[in-house]
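Computed from the coordinates by the stated procedures, all read-outs in this text should not be read as laboratory data. Note that the coordinates shown come from a computational prediction; the quantities given were computed from them, not determined experimentally. Methodologically, a virtual Cβ is constructed for each residue, glycine included, from the backbone with ideal geometry; neighbour enumeration extends over all protein chains shown.
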Amino acid sequence: MKFLSQTFNIQTEKGPQFIDITDRVEEAARKSGIANGFAVVFSKHTTAAIRINENEPALIGDMERMLEGIAPSCAEYKHNEFAHAFSTNGERPNGHSHCQHLLLGASEAVPVMDGKLIVGQWQRIFLIELDHGREREVVVQLVGE
């Protein structure tokens, strides 16, 4: 059994923002030497998600509007009052980001076969920034033979 863990940083610009990280995950799979197994792609943040979807600009716009409709950034959140009152690091009100993340999740598992990620023709792996621009960490862990 082989294992490889790799962490890489992504600088985001705004929320919501869909950042295609498929090529970086594929590179990690190639470097791992794993022929058959799986890759887990994980965001180390509660306001940045990992999801698989299509990288088509109109669809991304639709998904951004859907996220805003589900948990609007301008709505009132108790977390915003708490975060503002106790913040020592300049954290902005971001209750909407946490609520959106709850629906999206922190990770995806992708099969690896013959040393390649097995994804559909149009599928891409995204880091989705839900808050504001900043540096984010993504962990890719590969396991297999």
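One table, with the values for the structure above:
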item: Low-density loop positions, chymotrypsin sites (Phe, Trp or Tyr not before Pro), the range 49-145 - DSSP coil, at most 16 other Cβ in 10 Å; result: Trp122
item: Coil-residue trypsin sites (Lys or Arg not before Pro) of the range 113-145, DSSP, other Cβ within 10 Å capped at 16; result: Arg134
item: For the chain, with +1 on Lys and Arg beta carbons and -1 on Asp and Glu, the positive-most of Gly105, Ser5, Ala58 along the dipole; result: Ser5
item: Ascending count of other beta-carbon atoms within 10 Å, so fewest first, for Ser32, Ser5, Ser73; result: Ser5, Ser73, Ser32
item: R0 of 30 Å, Cβ-Cβ distance Glu64-Asp114: FRET efficiency to nearest 0.05; result: 0.30
item: Cleavage-rule hits, trypsin sites (Lys or Arg not before Pro), the range 31-65, DSSP coil, Cβ neighbours within 10 Å at most 12; result: Lys44
item: GNM flexibility winner over the chain from Val119, Val110, Val25 (Cα, springs under 10 Å); result: Val119
item: 222 nm mean residue ellipticity, helices alone, for the chain (DSSP H n ≥ 4; -39,500 (n - 2.57); rounded to 500); result: -9000 deg cm²/dmol
item: Residue with peak Gaussian network fluctuation, the chain [Cα springs, cutoff 10 Å], from Gln11, Gln121, Gln100; result: Gln121
item: Diffusion constant of the chain at 20 °C, which comes from Stokes-Einstein with the Kirkwood Cα-pair radius and 1.002 mPa s, µm²/s; result: 133 µm²/s
item: Per-residue Cβ neighbour rank within 10 angstrom, fewest leading, Ile50, Ile19, Ile118; result: Ile118, Ile19, Ile50
